[in-house]
1. Hey, could you check segment 23-41 for residues that are surrounded by 12 or more Cβ atoms within 10 Å (Cβ to Cβ) and of a type in the set (D, E, K, R) and say which is nearest to Ile13 (Cα to Cα)?
2. Cβ-Cβ distance below 8 Å, separation of 6 or more or different chains: which pairs start in segment 3-22 with a residue that is hydroxyl-bearing (Ser, Thr, Tyr) and part of a loop (DSSP other than H, G, I, E, B) and end on one that is surrounded by fewer than 10 Cβ atoms within 10 Å (Cβ to Cβ) and modelled with pLDDT under 65?
3. Give the number of residues within segment 42-77 that are of a type in the set (A, V, I, L, M), in contact with a Cys (Cβ under 8 Å, 6 or more places away or on another chain) and either within 15 Å of Pro14 (Cβ to Cβ) or part of a loop (DSSP other than H, G, I, E, B) (or both).
4. Give the residues of segment 63-77 that are surrounded by 14 or more Cβ atoms within 10 Å (Cβ to Cβ) and without any contact (Cβ under 8 Å) to a residue 40 or more places away in the chain, sorted by residue number.
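The values are calculated or read from the model by the stated rules, or taken from the named source; none is laboratory data. All figures in this text were calculated on a predicted structure; none of them were measured in a lab. For neighbour counting, all protein chains shown are included, and Cβ atoms are generated from backbone atoms with ideal geometry for every residue, glycine included.
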Amino acid sequence: MKKGCPGADNVKIPELELFECPKCGGEVEFFTRDKKANCTECGHLVYRETTPTCIDWCPMAETCFPELVKEKQKEKK
């Protein structure tokens, strides 16, 4: 049986996702938590919707990831 929070893996070990730049067709690299990134070809800033993680909804998130919860709270201000 796996110990710990089942949603924590995506937060602790973010995955790299590649998208196509809408401006030039170049490669844009996003990690799991990223909302925006620059195209490696033209530098265009690309935004994407993010999937909520346990940091967004879990009442224990502050215990597991205190730094990330504080960062998230600052973003909302």
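1. Checked segment 23-41; the qualifying residue nearest to Ile13 (Cα to Cα) is Arg33.
2. No pair meets every condition.
3. Adding up the residues that qualify gives 1.
4. Val69, Lys72
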